[in-house]
Amino acid sequence: MMRTRILLLIGLVSLLAGCATPTPYDYSAFRESKPRSIVVLPPVNRSLDVKASYSFLSQVTYPLAESGYYVLPVAVVDETFRENGMVNPEDIHGLPLEKLNEVFGADAAMYITITQYGTSYQLLASDTRVTAEASLVDTRNGQLLWKGAATASSTEQNSGSNGGLIGLLVQALVEQIANTISDRSHQIAGITSNRLLSDHAFNGILPGPRSPRYVGQ
């Protein structure tokens, strides 16, 4: 009887933990810093797709600008690194913050790591998924201002198939081919980027000074 009660108690605690409200992010450092401009560094790519870094990088300006920040043009930033012999994102992420501030003059630097990018084919499904993590760091004092993560998947809106097992197999194969031909990963990366860097997301970055939602932090 005691064993049964203990198991029930453990189950109840697990259930309550699963239903708990996510903890709000602590924005104290962010509000104190009041960043106005951001330099986005080339993302580090942990996926198997070599296109992931620049595919994601090409889509980060919009959500950050919409959130109210001045974002240094990513093409100009990338060319500046290349002119100075810096082509590896991991090496760029290791640069001193004071050097980034000196060269680009941005208040904060955005570091992004891509952990998933591409289409995987299982027996009954084809899933194009992009997952990324990001952190915003004050280039003036090295303070971490914010960090977050986001994922988007092509299966989120799938309604399934009514054709039975054969129908599912055919659907998965067709989706796999279509995703490869149309570079679906790039499209999904755009969704991930918006979820990760938009100020509308829960625990996302705060609205910047160019946003109508900005309240002076």
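Computed packing ranks the peptides 53-63, 71-81 as 53-63, 71-81, most packed first, by mean other Cβ atoms within 10 Å. Phi angles of the stretch 197-206 translate, via the Karplus equation with coefficients 6.51, -1.76, 1.60 and θ = phi - 60°, into HN-Hα couplings of 10, 8, 6, 7, 6, 5, 6, x, 5, 6 Hz per residue; Gly and Pro are given as x.
Candidate cross-link partners of K147 among the lysines, defined by an alpha-carbon separation under 18 Å and a same-chain spacing of 8 or more, comprise K34.
Read the figures in this text as sums done on the coordinates, not as results from a lab. The shown structure was predicted, so the numbers you read here are calculated from the model rather than taken from an experiment. Note that we place each Cβ from the backbone using ideal geometry, even for glycine, and neighbour counts take in every protein chain shown.
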